[in-house]
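Take a look at the structure set out below.
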Amino acid sequence: MGIRTGQQYLDKLNAMTPHVVIDGEVVSEKVAEHPAFRNVARSYARLFDMQHDPKYQEALTYTSPTSGDLVNASFLVPKTVEDLKRRRRAISTWAEYSNGFLGRSGDYMNSSLTALSTAGKWFSQADPKFGENIRNYYEWARENDILATHTLIPPQANRSVSGSEQLGGQLSARIVEEREDGIVIQGARMLATIAPIADELLVFPSTVLRGTPEDAPYSYAFAIPNDTPGLRYLCRTSLYNGGSTHDEPLASRYEEMDAVAVFDHVFVPSERIFMLGNPQLCNGFYSETGAGALMTHQVVTRTIAKSEFFLGLASELADSIGIDGFQHIQEDIAELIVDVEIGRALVRASEADAELNDAGVMLPKWSTLNAARNWYPKVAQRFPQIIRKFSASGLMALPGEADVNSDARADIEMYLQGKSLTGPERVRLFKLAFDASVSGFSGRQSLYEYFFFGDPVRMAGAMVNSYDRGPVRARVREFLNRTD
């Protein structure tokens, strides 16, 4: 089959029968038509359609080594640095279309599956069948252009104890039965972004497990269809308020739903199980297979597009009301320029210093990507602050699209014009600034980016503990011992 069209994706989504709970309503059919999911589903459909557009096809696709069909380039197993650059071009193409606001585009989990599919030797430490299962699943996902999401962490009930201890072990998703043909899962997991509009849910190892026998039931990796019996999604209220692309330009297109995944005796067949038990192996699921490196390569590429968007937006705002010559404004624009260039430099440095792993996969340099994923969540918090500073009270006096097209248009033309924009043009620009810096959508975006990889404090600790500081410390000791 190879690459899907947007319509094929929407048709598949509407044919599925998931159990999605939102605002007291259960949605179990035609999910792509529901007001909370319709617009973002169509944004994802546009990504699928771009694969067929001659303008983007070369960047977004490559020829499948098994079927000869065109498949998405995020499934390309990188063997050379040029392969990594090719993957980045594909990721950038989608990211620039969404300006980085679609945090769960298919290339994210595709990158994980691509690395995992090559790690047969690593999976064999538990059982060779797990490596075979993940390789088969990767090929199936590649050939059918599947959109997958994932869920990683236990519910936020009592973080002072491990997941296996919360509510006596009854809270977190766990194995409650092992059968010859599969396993049964009971409990809950967070945080399944885009769950209602995905084809598949990947349930991969959670936060670091202690490696005790008590952790064995919480140690697993598997994939299930989004409408598997017993799987329920509890969604938050949508942050899209029903406005037009004029009034809610970002939320009306990119409002990705987040959900808690509830497993009510969900059966997972054996062929879809990629790890079972083995808490210590689960702790190395991302770092020792290359999945973490390829996933982070995708994320850093996406966030560059988002940084570029905020630089462009801040520049447009400054020009529109004639503040671009002020030094304190230029200082903030310079900050955004630096952020864009640091992001670009880090991703390219990770590729330049890439190395082949034991499986022959060319992986971008992890320490460089790790620096990027520790740096970006913090600097990104400044982006909406800068937009609010530039826009100031202009964000609080914004007529809607209906007003622009009413008898009030003359007043809007006269009193809301900018230095370089008409009144209606300025309103439209500032509506975008509002959605990027003040709205509920923007607040969720800031939270999402800040905690994308987990608690920044714990991430910093992990980086310190994993970074080889021996050579630089030795240089200091050598300097202290110099006599010349």
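A few comments on the model shown:
- Among the residues listed as GLN330, GLN280, the single one being in a helix (DSSP H, G or I) and modelled with pLDDT under 95: GLN280
- For region 109-123, filtering for residues that are surrounded by fewer than 23 Cβ atoms within 10 Å (Cβ to Cβ) and touching a helix residue (DSSP H, G or I) at 6+ places or on another chain (Cβ under 6 Å) leaves 1.
- The set of residues from region 282-310 being surrounded by fewer than 21 Cβ atoms within 10 Å (Cβ to Cβ) and over 30 Å from SER92 (Cβ atoms) comprises just one member, ASN283.
- Every residue from region 400-430 that is of a type in the set (A, V, I, L, M, F, W, C) and over 26 Å from SER315 (Cα atoms): ALA402, ALA408, ALA410
- Considering the conditions (1) surrounded by 18 or more Cβ atoms within 10 Å (Cβ to Cβ); (2) closer than 13 Å to ARG142 by Cβ, ILE91 is excluded by exactly one of them, (2).
- Test: residue in region 96-105 that is in the same structural domain as GLY242 (by TED's automatic domain parsing), surrounded by fewer than 19 Cβ atoms within 10 Å (Cβ to Cβ), within 19 Å of the chain's Cα centre (by Cα) and under 13 Å from GLN298 (Cα atoms): yes
- Count - residues of region 395-425 that are of a type outside the set (A, V, I, L, M), modelled with pLDDT under 95 and in a helix (DSSP H, G or I): 0
- Being modelled with pLDDT of 95 or more, in a helix (DSSP H, G or I), surrounded by 13 or more Cβ atoms within 10 Å (Cβ to Cβ) and on the phi < 0 side of the Ramachandran plot is a description that does not apply to ARG477.
- Tallying residues that are within 15 Å of LYS389 (Cα to Cα) and surrounded by fewer than 14 Cβ atoms within 10 Å (Cβ to Cβ) within region 331-341 yields 2.
- Some residue of region 449-464 being over 23 Å from the mean Cα position of the chain (by Cα) and exposed (fewer than 13 other Cβ atoms within 10 Å of the Cβ): yes
- Test result for VAL266, β-branched (Val, Ile, Thr), in contact with a Leu (Cβ under 7 Å, 6 or more places away or on another chain) and under 28 Å from LYS306 (Cβ atoms): no
- Of the residues making up region 175-232, those that are of a type in the set (A, V, I, L, M), part of a helix (DSSP H, G or I) and out of contact with any Gly (no Cβ under 6 Å at 6 or more places or on another chain) are ALA195, ILE197.
- PHE267 falls short of the stated requirement of being buried (at least 24 other Cβ atoms within 10 Å of the Cβ) and in the same structural domain as GLY243 (by TED's automatic domain parsing).
- Selection within region 361-394 - surrounded by fewer than 20 Cβ atoms within 10 Å (Cβ to Cβ) and in a loop (DSSP other than H, G, I, E, B): LYS365, GLN381
- Restricting region 59-78 to residues that are free of Cβ contacts under 8 Å to residues at least 40 places away in the same chain and under 20 Å from GLY120 (Cα atoms), the residue that is surrounded by the fewest Cβ atoms within 10 Å (Cβ to Cβ): PRO65
Residues checked against (1) within 30 Å of TYR467 (Cα to Cα); (2) part of a helix (DSSP H, G or I); (3) not acidic (Asp, Glu):
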position: LEU239; (1), (2), (3): no, no, yes
position: GLY243; (1), (2), (3): no, no, yes
position: HIS246; (1), (2), (3): no, no, yes
position: SER252; (1), (2), (3): no, yes, yes
position: VAL262; (1), (2), (3): no, no, yes
position: VAL266; (1), (2), (3): no, no, yes
position: PHE274; (1), (2), (3): yes, no, yes
position: THR289; (1), (2), (3): yes, no, yes
position: VAL299; (1), (2), (3): yes, yes, yes
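- Identity of the residue in region 139-157, at pLDDT 95 or above and surrounded by fewer than 21 Cβ atoms within 10 Å (Cβ to Cβ), that ends up nearest to ALA41 (Cα to Cα): ASN144
- Candidates SER315, SER307: the one that is modelled with pLDDT of 95 or more, among the hydroxyl-bearing types (Ser, Thr, Tyr), assigned to a helix (DSSP H, G or I) and under 18 Å from the mean Cα position of the chain (by Cα) is SER307.
- In the set PHE441, PHE453, only one residue is assigned by TED's automatic domain parsing to the domain that holds SER367 and assigned to a loop (DSSP other than H, G, I, E, B); that residue is PHE453.
- Those residues of region 426-458 which are acidic (Asp, Glu) and at pLDDT 95 or above, in sequence order: ASP435, GLU449
- The one condition in (1) assigned to a loop (DSSP other than H, G, I, E, B); (2) within 24 Å of GLU449 (Cα to Cα) that GLY322 fails to fulfil: (2)
- When VAL21 is tested against (1) surrounded by fewer than 14 Cβ atoms within 10 Å (Cβ to Cβ); (2) farther than 21 Å from TRP94 by Cβ, just one condition goes unmet, and that condition is (1).
- Residue within region 342-359 that is of a type in the set (Lys, Arg), without any contact (Cβ under 8 Å) to a residue 12 or more places away in the chain and not assigned by TED's automatic domain parsing to the domain that holds THR118 present: yes
- Which numbered condition PRO54 misses (of (1) surrounded by fewer than 16 Cβ atoms within 10 Å (Cβ to Cβ); (2) touching a residue at least 12 places away in the same chain (Cβ under 8 Å); (3) more than 26 Å from PRO229 (Cα to Cα)): (2)
- When region 416-457 is filtered for residues that are in contact with a Gly (Cβ under 7 Å, 6 or more places away or on another chain) and aromatic (Phe, Trp, Tyr), the ones remaining, listed by number, are PHE430, TYR448.
The values are calculated or read from the model by the stated rules, or taken from the named source; none is laboratory data. Just so we're clear, the structure is a prediction, and the values are computed from it rather than from any experiment. No Cβ is skipped: glycine too gets one built from the backbone with ideal geometry, and neighbour counts run over all protein chains shown.
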